[in-house]
Amino acid sequence: MLKTLGAGLPGATLMAFAPEAPAQAAAADTAAAPATPAATTAAPTWKFFNADEAALMDAIAARLIPADDLGPGAKEAGVTVFIDGQLAGAWGAGDQFYRSGPFAAGTPQQGYQLSYTPAEMFRTGLARFRAAVHAEHGGKDFAALDPATQDALLTRMQAGQMDFSPLPAATFFAALLDATIEGFFSDPIYGGNRDMVGWKLVQFPGAYASYSNDIERHGVALVRAPVSIADGPRHAMDMPGMPDMHAPAPQSAPAAAAPASPTKEPR
């Protein structure tokens, strides 16, 4: 998926933004607009992670989708907040998982075959990875290492060259990568994709209520600012010959009394 999204982008760059206006116009708008204080992001209240786990997950996400000169990465997009919410909910508890065993190594086509719920897997995997990093680097946390060293550690985890027994390291890395991608491209209502940076990357307009007004606009680029589920506008879907579904219902006049019909006397 990352290879597909990265097609045509500079090598090793995962973030890109389409320009929304000419530079001159942007400069003019900036000059005309009054100065406003920078927006601040309140520290999240963790639902599943403890402080050490959240810091480690932030550092891992920052290497899986790194920030660069073209824009923010997974850490800045709030991916850890997204993963925290998922692990604290039904998915983390393995609500739809078969848990009765027996558990045996499966084929790649069979998917996940372990006894761990996602919450158990992340708690175990992060603890094993943190311990391995401390053992190899004199007690230093993963976040304190330089990016090249961090990438080397993640590459070894991906290749299954770290011992997280009984959890396979490669399986845990795949879960980390999947959750990071999901958080980066999910609707912001779930905590990730902050400022819709993931949608801007792929030029996805978001959760508009309707695209019916654009279906017949052939050869015209669909250029819209991304919209989240939380703040999407309601779109009218009026069609010729059909009443406006959003218009108030007309007040009908009281029905007139029907004239009495003549009756025959029984013989």
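Can you give the net charge of the other residues whose Cβ lies under 11 Å from the Cβ of P188, counting K and R as +1 and D and E as -1?
Values: positive: R194; negative: D187, D195, D231.
For residues surrounding P188, the net value is -2.
Only the Cβ atoms of Lys and Arg (+1) and of Asp and Glu (-1) were treated as charged; on that basis the dipole of segment 76-192 about its Cα centre amounts to roughly 380 debye. Among 59-70, 103-114, the peptide with the highest mean count of other Cβ atoms within 10 Å heads the list, and the full ranking is 59-70, 103-114. Take E53: with every protein chain present and a 1.4 Å probe, its accessible area is about 20 Å².
So if R0 is 25 Å, what FRET efficiency would D195 and T45 give, r being the distance between their Cβ atoms, rounded to the nearest 0.05? Display every interim value, and only then the final one.
Details: r = 20 Å, r/R0 = 0.81.
Between D195 and T45 the formula returns 0.80.
Extension gain for A174 to A55 (0.36 nm times residue separation, less C-alpha to C-alpha distance): 40.9 nm. On segment 93-226, 53 percent of the accessible area sits on carbon and sulfur atoms, based on a 1.4 Å probe. Using the Cα coordinates of segment 119-200, the gyration tensor eigenvalues translate into equivalent-ellipsoid semi-axes of 26, 16, 11 Å, sorted from longest to shortest.
Which FRET efficiency value, to the nearest 0.05, do you get for K140 and A105 by plugging their Cβ-Cβ distance into 1/(1 + (r/R0)^6) with R0 = 30 Å?
0.35
Computed with a 1.4 Å probe over protein heavy atoms only, the accessible surface of segment 48-108 comes to 49 Å² per residue.
Solvent-accessible surface of segment 151-239, averaged per residue with a 1.4 angstrom probe and all protein chains in place: 55 square angstrom. Extension gain, E120-Y98: 0.36 nm per intervening residue step, less the Cα-Cα distance, totals 6.5 nm.
Projected label points at Y112 and E216, each 7 Å from Cα along the beta carbon direction, are separated by 4.6 nanometres.
The values are calculated or read from the model by the stated rules, or taken from the named source; none is laboratory data. As the structure is a prediction and not an experimental result, all values here were calculated from the model. Ideal geometry is used to build each Cβ from the backbone, glycine not excepted, and the neighbour counts take in all protein chains shown. Side chains included, ligands, DNA and RNA excluded: accessible areas come from the protein's heavy atoms. Shrake-Rupley method; radii C 1.70, N 1.55, O 1.52, S 1.80 Å.
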